[in-house]
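Structure first, then comments.
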Amino acid sequence: MSEAIKSEVIEETVIGAAPDGATDQQSSARAVREMFTAIAPRYDLLNHVLSFNIDRLWWRRTARVFAHVFAEPEARVLDLCCGTGDMTFALQRQAGKSSPRITGADFSHAMLQRASGKSVSTPLRWVEADALRLPFPDEHFALVTSAFGFRNLANYDAGLREIARVLQPGGECGILDFAEPQGVVGSLYRIYFKNVLPAIGTLISGVKGPYAYLPASVEHFPEPGEMLQRMERAGFREVSWSPYTFGIAGLYRGKQ
């Protein structure tokens with residue numbers, strides 16, 4: 001298939017999260033919200049246990065990539081699909097003594113409650129919002145990040161367009177998410193990701209659905225080349241993907 005035809009096929013195809021039983025974008029969003037509400041009490045513990053604490057390294061590495069943004073006085077930063085705020089806190093730590101205005105947004109009230117409880121002594125702000133219909137004006141943020149949450153949107157293209165809408169001209173986007181590594185590492189990782197991880201996640205959380213959904217959602221997510229095409233079509237330039245830890249995860253970047 002030629003690149004031109006591939007591009008046309010991508011443009012015509014609307015894809016997003018597809019939990020079991022979901023039949024449209026509304027039911028997909030509802031199912032994702034219910035899953036994250038169910039696992040919110042043990043979400044942080046499970047993230048660290050199941051990733052062997054590598055997730056902390058990924059957040060810090062991503063925050064360092066955008067360190068230059070914090071050099072701007074009172075830069076506005078949005079961490080989208082922030083969950084319990086781990087990426088948001090990594091951005092705050094990277095900012096150090098500078099004074100950016102960092103906001104974490106998520107549509108799960110239970111997740112935001114956890115985030116808020118961890119941020120009592122910080123200037124961080126939390127907003128309950130749908131990533132496809134953000135309550136922010138056009139050209140508002142210098143940086144929008146999303147760590148392991150964008151993959152759960154019901155419509156990836158609509159999510160990219162909404163990020164582009166709220167970014168200032170020259171603003172930057174960083175989407176950190178899982179990928180599917182190749183080779184021997186990929187084979188070993190898939191055994192862990194599809195069999196061991198769901199079993200441990202279900203055992204610790206007491207909830208089966210979310211940890212069976214996780215590997216399926218990564219498999220369903222666009223591969224890097226396709227994702228970069230979707231970013232360009234949404235209006236981003238200078239798009240790139242940087243693999244983390246043998247390609248288990250990776251950072252998508254783009255400028256408005």
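Quick notes
- Any hit, the stretch 191-212, residues being within 13 Å of the chain's Cα centre (by Cα) and within 21 Å of Leu112 (Cα to Cα): no
- Criterion violated by Ala90 - all others in (1) open to solvent by less than 10 Å² (accessible area, probe 1.4 Å); (2) touching a Lys or Arg at 6+ places or on another chain (Cβ under 9 Å); (3) within 19 Å of Pro135 (Cα to Cα) satisfied: (3)
- Cβ-Cβ distances below 8 Å connect the following pairs, each with a first residue in the stretch 32-60 that is more than 17 Å from Ala115 (Cβ to Cβ), a second residue that is open to solvent by 70 Å² or more (accessible area, probe 1.4 Å) and outside any loop (DSSP other than H, G, I, E, B), and a separation of six or more residues or different chains: Arg60/Arg93.
- Filter result for Leu78 (among the hydrophobic types (A, V, I, L, M, F, W, C), in contact with an Asp or Glu (Cβ under 7 Å, 6 or more places away or on another chain) and over 18 Å from Ala40 (Cβ atoms)): no
- Within the stretch 91-149, being out of contact with any Cys (no Cβ under 6 Å at 6 or more places or on another chain), among the β-branched types (Val, Ile, Thr) and within 14 Å of Val69 (Cα to Cα) holds for Ile102, Thr145.
- Residue check for Ala67: buried (at least 17 other Cβ atoms within 10 Å of the Cβ) and of a type in the set (Gly, Ala, Ser): no
- Total residues in the stretch 112-146 satisfying the condition of being under 19 Å from Thr62 (Cβ atoms) and either acidic (Asp, Glu) or not in a strand (DSSP E or B) (or both): the figure is 6.
- If you check Leu176, Leu188, Leu203, Leu197 for being touching a helix residue (DSSP H, G or I) at 6+ places or on another chain (Cβ under 7 Å) and over 30 Å from Arg76 (Cα atoms), only one passes: Leu197.
- Any chance Ser146 is open to solvent by less than 30 Å² (accessible area, probe 1.4 Å), hydroxyl-bearing (Ser, Thr, Tyr) and in contact with a strand residue (DSSP E or B) (Cβ under 7 Å, 6 or more places away or on another chain): yes
- Applying the criterion of being in contact with a Ser or Thr (Cβ under 9 Å, 6 or more places away or on another chain) and basic (Lys, Arg) to the residues of the stretch 1-49, the residue that is modelled with the highest pLDDT is Arg33.
- Listing of helices (runs of 4 or more DSSP H) fully contained in the stretch 152-254 that carry 1 or more residues being small (Gly, Ala, Ser) and open to solvent by 30 Å² or more (accessible area, probe 1.4 Å): 183-191, 197-205, 209-220, 224-233
The values are calculated or read from the model by the stated rules, or taken from the named source; none is laboratory data. Quick caveat, the model's predicted, so the values are computed rather than measured. Don't worry about glycine lacking a Cβ; one is built from the backbone with ideal geometry, like all the others, and counts go over all protein chains shown. Protein only, heavy atoms only, side chains kept; ligands, DNA and RNA dropped before computing areas. Shrake-Rupley method; radii C 1.70, N 1.55, O 1.52, S 1.80 Å.
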